[in-house]
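Q: Please read through the structure below; I'll follow up with questions.
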């Protein structure tokens, strides 16, 4: 399955966001016009058929197979630029929030972080690309202890294995593209779907093979957690209960969703497992940090399931919304309904393109 939309012909200063997921490729091409991000084209292409599988299934392809599928997608979506930003799968990266000694000298602080990072990364640091973010204090302090040598800071450690980057670079080069940055998908999603908020926001990214759960506070990842159940499990449940193929079940998931329990009752059981685990994470965060999560944002391929937002509100009893990353772009009014419907699947690609558009 693939769908594409070419909206504009202008090519100048166009940028591309490329999301290489476990079940599909997604691209979004933007350009800037009078300070606004203008949507030029977008497209999605299922990967499983390239390995003999069906639409909706997660798959593991070689670099050569991914390159072949990417070339097909770029051609069919009529992408006109070679300048892109590329996603790194959450499952192929390490994010961990740690408390480390504070140093007033930036060079000393850098040394402390690099030395301490070795304790949390399960492979030699020479085998990964390491980055980090010092989490800003959000609560006022009663004294200046945090500014002393004995104080502590919170640091978000980010590591990506060199092998993963090498695979992505091979794919990008083989497809004739030029990537100026590679970004872990969680950060792309945040840029596309999370507005600045004083209170913490939870994002549920329901991918094909797994669900990523993370809490965002003041634009920073305060917590991340992976759930082994994903949207392909929902598709399988529909396939079994309805005695239909995986491809037919994938189409039914988007068309019928949770609106007809008599026909598609099984998806609710799978979503129940996902939401139950997410709720446990939510309660754990609120208990440990003594803060309430204000909103849950549903994104990823599973987020396009019809009536999912209504069902989720009943589970969590707080504000739940479906991600609409295309809201941050200019597009023809007649496209809005379509873009809102497919938005959750394109959050990462939109986030990448937005970063590229702003000069990274």
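Q: What do you reckon, is residue 25 surrounded by 22 or more Cβ atoms within 10 Å (Cβ to Cβ) and at pLDDT 95 or above? It would help to see each step written out before you state the result.
A: Values: surrounded by 22 or more Cβ atoms within 10 Å (Cβ to Cβ): yes; at pLDDT 95 or above: yes.
Yes; evaluated as a whole, the condition is true for this residue.
Q: Testing residue 57 on (1) assigned to a loop (DSSP other than H, G, I, E, B); (2) in contact with a helix residue (DSSP H, G or I) (Cβ under 8 Å, 6 or more places away or on another chain); (3) modelled with pLDDT of 95 or more, one condition comes back false. Which one is that?
A: Condition (3) is where residue 57 drops out.
Okay, residues lined up against (1) modelled with pLDDT of 95 or more; (2) surrounded by 15 or more Cβ atoms within 10 Å (Cβ to Cβ):
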position: 264; (1), (2): no, yes
position: 305; (1), (2): no, yes
position: 312; (1), (2): no, yes
position: 336; (1), (2): no, no
position: 347; (1), (2): yes, yes
position: 357; (1), (2): no, yes
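Q: Here's something else I'd like to know. Given the criterion outside the structural domain of residue 118 (by TED's automatic domain parsing) and at pLDDT below 95, identify the matching residue among 155, 194.
A: 194
Q: All but one of (1) farther than 28 Å from residue 20 by Cβ; (2) at pLDDT below 85 hold for residue 290; which doesn't?
A: Failing condition for residue 290: (2).
Q: Continuing with the same structure: Considering each residue of region 204-224, count those that are within 24 Å of residue 237 (Cα to Cα) and assigned to a strand (DSSP E or B), and give that number.
A: In the first step, residues of region 204-224 are kept if they are within 24 Å of residue 237 (Cα to Cα); the result is 204-213.
Among the residues that remain, those that are also assigned to a strand (DSSP E or B) are: 204-206, 211-213.
Adding up the residues that qualify gives 6.
Q: Now, a different point. Looking only at region 174-187, decide whether some residue is in contact with a helix residue (DSSP H, G or I) (Cβ under 6 Å, 6 or more places away or on another chain), part of a loop (DSSP other than H, G, I, E, B) and buried (at least 19 other Cβ atoms within 10 Å of the Cβ).
A: Yes, region 174-187 contains a residue that is in contact with a helix residue (DSSP H, G or I) (Cβ under 6 Å, 6 or more places away or on another chain), part of a loop (DSSP other than H, G, I, E, B) and buried (at least 19 other Cβ atoms within 10 Å of the Cβ).
The values are calculated or read from the model by the stated rules, or taken from the named source; none is laboratory data. Computed from a prediction, not measured in an experiment: that's the story for all the values here. When we count neighbours, we look across all protein chains shown, and the Cβ atoms used for this are built from the backbone with ideal geometry, even at glycine.
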